[in-house]
Amino acid sequence: MGGCVSTSTQSTCSSRSNGEMVSPSCFCGQKRTRRTFSDHVVSLQHLTSIPSRIFMNGKSRSSCIFTQQGRKGINQDAMIVWEDFMSEDAVFCGVFDGHGPHGHLVARKVRDALPIKLSSFLHSCQSKWDGSNTTCFKGNLNKSDAEDSEQYCSAEDKLNSIWREAFLKSYKAMDKELRSHPNLDCFCSGSTAVTLVKQGSNLFMGYIGDSRAIMGSKDSNDSMVAVQLTVDLKPDLPREAERIKRCKGRVFALQDEPEVSRVWLPFDDAPGLAMARAFGDFCLKEYGVISIPEVSHRILTERDQFIVLASDGVWDVLSNEEVVEIVSTAPTRSSAARILVDSAAREWKLKYPTSKMDDCAVVCLFLDGKMDAESDYDEQNFSSATLQSNHSGNAIESDDGQKSEPSLQRNFTVRSSEENDTYGRLPVDVEGNGETVEAEDQNWSGLEGVTRVNSLVQLPRFSEERPNLEIL
C-alpha cells in the first residue's frame, strides 16, 4: 500500500499578493462533498473559530487530548488536533513542550502558527511539481494503481519530497518568526515539537527535541505491540554531539546527574539544554542547537490501531509498552489521554517521591477514525463548556491550560527549590488569540525546569530577562 501524487487533476492552488495562502480544491485526489475551513485563507485570528481544531482537554471525531500541570509553575506543554486539515481525510496532531522563562508562550505560539505554515508550504511545494503533472495528493492510492513499479516509485518519491520540503521550510520559518518576534523573548526559552499529518493511509511526521510519538499495532498473534515512531533528539546522540562540538558548543553531563547530557555555551556553564534540537533557544543556535526537523513517512496498515504523542513528562516514567497497554485497555477511547496522564502522575509519585512532577500533555489519535458516543463525555467528567471553549472566539487558556487538578512529584534529577537560586519572576502575559495567562508570584529556576531531565540548568550571565507585557 502507498500514496502517490495524482496526475488526474490540475491544481487550483494559488497565493494572494500579500502572501496569504488560498487552498486548492483537490488536495486528496478526490472530489469534496463539503467545504472545510482550509478552503479559506487561514490566519491566527481565525483559529478559534475552526470547529475541527481542539487544543484544550477534550476529544474530536478521532482523537482525545489531555494535559496536566506539574509542580513547577505554569504548564509549559501545548497540544493540538486539527481535523479536516487541508482536506477531509487529513488530520494534524502536535505536542509542544516549552522550557525556559517563557517556554509556555513559545510552545503555544508554535502550536498556533506551525500548522498554518506547514499547510502553506505544502501547497507551494505542490505547485512546484505541477510542471511534471503531479498536482494532487492521494492519501489512499495503492501500489497496484500505478502502471508499473518504476512509475509507482517515482510517484512515491515525489510525494515524500513534497512533504519533506514542506516540513523543513515550515520549521525554518517558525524559528525565524520566533527570532524576530517583537514581544516574545526566545533567547533562553524554547520548545520541542512532535507533529504529524495523517492522510488516508499515509503518515507524515516532523519533530525536534525529546517529545515522542509511538504507535500501538497488532502483531501476527493479534497482540498489541509498541512501535516507536520518533527518536529522542538528545545531545548525547553521536551525530548530534558531533554537530554541536563542531560548532564550538560543549556537551557534557553534570556530576550529580551523569546520565543527562547537556548543551553548554563555549564560554559559560550555561544554559545546559537537555536536547539537541528545539525552537527558540537562540543563545545556542550558533553553537550547534538547530531547529531542523527529522522527517519521516510511513504507510499505515489495518494492524495499526492508534498513535500517542506525548511530552517527556510521560516518557520519563512510563515505557512505550506501558503506554500502549494503558491506552488499549482504557474503558472508553475518549478517556484514554486522561487515564494515561493520571497513570504518569501516579508513577511520578511512586518512583520519584522527593522530586517535582513535570507537566504532561498527551494526544491519542485512533487510526480507524472512530470514537465513543457523546454520552461518554459525561461519564469521564468532560463538560460541554470545555468543548465549546475550543471553538469560541472567547476561549480562555489559564496558566495550566485546563482546570486545575492534583499534581504529584518530580524525579531525583530535579533539585528542590531550597537547593536552587531563582532567576526572576514570570510576568503577566496576554496572548493575542484570546488566551489569558495569569502568572501569580512564581519563581522560575532553571533547575526546576521542564522534566525529570531539566531542560535548562541556568541562564547565561549575559542574558537579561525582559518583562513582556504584550505577546503574540
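The values are calculated or read from the model by the stated rules, or taken from the named source; none is laboratory data. In this text, all values refer to a predicted model and were calculated from it rather than measured experimentally. In this analysis, Cβ positions are derived from the backbone assuming ideal geometry, glycine residues included, and neighbour counts consider all displayed protein chains. Keep in mind that these areas ignore ligands, DNA and RNA; they rest on the heavy atoms of the full protein, side chains included. Shrake-Rupley method; radii C 1.70, N 1.55, O 1.52, S 1.80 Å.
Which residue pairs have Cβ atoms under 7 Å apart, sit 6 or more places apart or on different chains, and have a first residue in segment 155-176 that is farther than 16 Å from Glu294 by Cβ and a second that is among the aromatic types (Phe, Trp, Tyr)?
Lys158/Trp129; Leu159/Phe137; Ile162/Trp129
Here are some conditions: (1) open to solvent by 10 Å² or more (accessible area, probe 1.4 Å); (2) farther than 26 Å from Trp163 by Cα. Asp304 meets all but one. Which one does it not meet?
Only one criterion is unmet by Asp304, namely (2).
Given the options Ser87, Ser124, name the one that is farther than 18 Å from Phe279 by Cα, part of a loop (DSSP other than H, G, I, E, B) and touching a Lys or Arg at 6+ places or on another chain (Cβ under 9 Å).
The match here is Ser87.
Yes or no: segment 154-161 includes at least one residue that is open to solvent by less than 10 Å² (accessible area, probe 1.4 Å), in a loop (DSSP other than H, G, I, E, B) and modelled with pLDDT under 90.
There is no residue in segment 154-161 that is open to solvent by less than 10 Å² (accessible area, probe 1.4 Å), in a loop (DSSP other than H, G, I, E, B) and modelled with pLDDT under 90.
If you take the residues of segment 177-200 that are open to solvent by 30 Å² or more (accessible area, probe 1.4 Å) and either assigned to a helix (DSSP H, G or I) or among the small types (Gly, Ala, Ser) (or both), which of them is farthest from Glu294 (Cα to Cα)?
Ser180
Confirm whether Phe252 is assigned to a loop (DSSP other than H, G, I, E, B), modelled with pLDDT of 95 or more and closer than 22 Å to His99 by Cβ.
No; evaluated as a whole, the condition is false for this residue.
Would you check if there is a residue in segment 305-323 being assigned to a helix (DSSP H, G or I), modelled with pLDDT of 95 or more and closer than 20 Å to Asp372 by Cβ?
Yes, that holds for at least one residue.
Considering segment 209-231 alone, what residues qualify as being touching a helix residue (DSSP H, G or I) at 6+ places or on another chain (Cβ under 8 Å) and either buried (at least 19 other Cβ atoms within 10 Å of the Cβ) or among the small types (Gly, Ala, Ser) (or both)?
Listed by number, the residues that qualify are Asp210, Ser211, Arg212, Ile214, Gly216, Ala226.
Can you tell me how many residues in segment 43-63 are within 18 Å of the chain's Cα centre (by Cα) and surrounded by 15 or more Cβ atoms within 10 Å (Cβ to Cβ)?
In the first step, residues of segment 43-63 are kept if they are within 18 Å of the chain's Cα centre (by Cα); the result is 44, 47, 52-60, 62-63.
Now narrow it down to the ones that are surrounded by 15 or more Cβ atoms within 10 Å (Cβ to Cβ): 47, 52-60, 62-63.
Residues meeting the conditions: 12.
Pull up segment 64-82, narrow it to residues that are open to solvent by 10 Å² or more (accessible area, probe 1.4 Å) and of a type in the set (D, E, K, R), then point me to the one that is farthest from Arg108 (Cα to Cα).
Out of the qualifying residues, it is Arg71.
Just the residues that are out of contact with any Phe, Trp or Tyr (no Cβ under 7 Å at 6 or more places or on another chain), open to solvent by 10 Å² or more (accessible area, probe 1.4 Å) and not in a strand (DSSP E or B), please, taken from segment 272-291.
Lys285, Glu286, Tyr287
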